[in-house]
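Student: If you scroll down you'll find the structure; I have some questions about it.
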Amino acid sequence: MSPATGADRVLRLSIRLIPFVGLLGTVVSTLIDAMTPGGHLGRDLLENSILWMIGIQGWMTGCGHMFFGVPIAESIGWPARTPWQWEVGLASLATGVLGVMASGFDDDFALATIIAFAVFYLGAALGHVRDMVVRRNFAPGNAGPIFFFDVIVPVYLIVLFVVVT
């Protein structure tokens, strides 16, 4: 195996950090909104969570799977250069588009976005669990932070939606 280039190292580090982009974006944008007079903390938190955790993160993971598939597949412990990556990338991108669009629509659209996201990500989490049990695959991209993102964030968004609306 050849030594990793600087660009390769940056890409691999980015893969490890992507699960935290949505959280960081949500926290920063909600803190900014909290300093703005007339805001509503719960509503701002919900809208920022949908934008960042579904929208921005969905665009990032979608493009990652579609255009940087080899290192992502390696991080998951799955075979690279197979059709699953393009399909998962498109599904991530689709939820990402919904997450970005949701701020321009009503609560029903936000709820539909959360449901689509939750079905996809909780289903992905089940796939990761299956791979942990059947293949003993505990690669960081299968059993690391992204696994917990796949479980915690959909539940968090559903609870937050119920509480705020």
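The values are calculated or read from the model by the stated rules, or taken from the named source; none is laboratory data. The structure presented is a predicted model; accordingly, all values stated were derived computationally and were not measured. So basically every Cβ, Gly included, is an ideal-geometry build from the backbone, and we count neighbours across all protein chains shown.
Student: Name the one entry in Ile72, Ile18, Ile54 that is among the β-branched types (Val, Ile, Thr), farther than 26 Å from Ser103 by Cα and in contact (Cβ under 8 Å) with a residue 12 or more places away in the chain. Explain how you work it out, then say what you get.
Tutor: On the way: Ile18 fails: farther than 26 Å from Ser103 by Cα; Ile54 fails: farther than 26 Å from Ser103 by Cα.
Matching residue, one of Ile72, Ile18, Ile54: Ile72.
Student: Pull out all pairs, ordered by first then second residue, where Cβ-Cβ is under 7 Å, the residues are six or more apart or on different chains, the first lies in region 107-118 and is of a type in the set (Ser, Thr, Tyr), and the second is part of a helix (DSSP H, G or I).
Tutor: Hits for this filter: Thr113/Ile50; Thr113/Ile54; Thr113/Leu98; Thr113/Gly99; Thr113/Ala102.
Student: In region 90-107, how many residues are at pLDDT below 95 and closer than 18 Å to Ala125 by Cβ?
Tutor: 0
Student: With region 27-141 as the region, which helices (runs of 4 or more DSSP H) entirely inside it contain at least 2 residues that are of a type in the set (A, V, I, L, M), over 17 Å from the mean Cα position of the chain (by Cα) and exposed (fewer than 13 other Cβ atoms within 10 Å of the Cβ)?
Tutor: On the way: elements: 41-49, 57-67, 69-76, 83-101, 107-135.
Of the helices (runs of 4 or more DSSP H) lying wholly inside region 27-141, those with at least 2 residues that are of a type in the set (A, V, I, L, M), over 17 Å from the mean Cα position of the chain (by Cα) and exposed (fewer than 13 other Cβ atoms within 10 Å of the Cβ) span 107-135.
Student: While we're looking at this one, here's another question. Out of all the residues in region 75-87, which are farther than 20 Å from Val129 by Cβ and either of a type in the set (A, V, I, L, M) or in contact (Cβ under 8 Å) with a residue 40 or more places away in the chain (or both)?
Tutor: Ala80
Student: Moving on. Any residue at all in region 16-23 that's in a helix (DSSP H, G or I) and at pLDDT below 80?
Tutor: Residues of region 16-23 in a helix (DSSP H, G or I): 16-23.
Filter once more, so that each one left must be at pLDDT below 80: 16.
The answer is yes, given that some residue of region 16-23 is in a helix (DSSP H, G or I) and at pLDDT below 80.
Student: Checking Phe161 against (1) within 15 Å of the chain's Cα centre (by Cα); (2) of a type in the set (Phe, Trp, Tyr); (3) modelled with pLDDT of 95 or more, which test does it fail?
Tutor: The one condition Phe161 does not meet is (1).
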